[in-house]
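Input: a single structure, listed below in structure tokens.
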Amino acid sequence: MTDTHYVEPTGLSSRNQSSARDLATLVKAAQEHQIIRDFSTSPAYEVELGNRPAQFHTTNALVRSPAWDIVLQKTGYITEAGRCLVMQARMAGRKLTMVFLTRPASTRGWATQNACGAG
């Protein structure tokens, strides 16, 4: 991953930057871990925060679609990067890795691409 630079782990800094190729490499490495596959493709998850449960839901509607066989996915959004998605799915018996990076129109002239933010 030669085109990637992370300054913090949450994904919320615009100084975290990566290329589509490097994010595809990250997806390939992450899909080797069952726990990452399970958590990233769960439509909802409940955790205890103090004395009360908190529900978290995926923002990726494809995870809930029976037409898609999602192996691993991560959505993201920060103002500087726009909406992003990295995903691996099984299609026609093969694994296909997809990386979608967007940037708001006001930043299209930037020379670098921002990595997906937390989402």
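Every read-out reported here was derived from the displayed coordinates using simple, explicitly stated rules and does not represent laboratory data. This structure is a prediction, so every number in the text was calculated from the model and none was measured. Every residue, glycine as well, gets a Cβ built from its backbone with ideal geometry; the counts of neighbours run over all protein chains shown.
Nearest 5 percent is fine: what portion of the DSSP beta bridges confined to segment 20-107 is antiparallel?
On the way: 23 of 23 bridges.
For segment 20-107, the DSSP antiparallel bridge percentage is about 100.
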Can you compute the charge dipole magnitude of the chain about its Cα centre, using +1 on each Lys and Arg Cβ and -1 on each Asp and Glu Cβ, nothing else charged? Give it in debye, rounded to the nearest 20. 380
Shape verdict for segment 47-102, please, from the Cα gyration tensor: rounded (a/c under 1.5), prolate (a/b greater than b/c) or oblate. oblate
Positive dipole terminus of the chain, leading residue within Ala92, Ala30, Ala61 (C-beta point charges): Ala92
Say R0 is 25 Å: what FRET efficiency, to the nearest 0.05, do Thr2 and Arg90 get from their beta-carbon distance? 0.30
To the nearest 500 deg cm²/dmol, what mean residue ellipticity at 222 nm is calculated for the chain from DSSP H runs of n ≥ 4 alone, each contributing -39,500 (n - 2.57), summed and divided by the residues? -5000 deg cm²/dmol
Counting Lys and Arg as +1 and Asp and Glu as -1, what is the net charge of the other residues whose Cβ lies under 14 Å from the Cβ of Leu26? +1
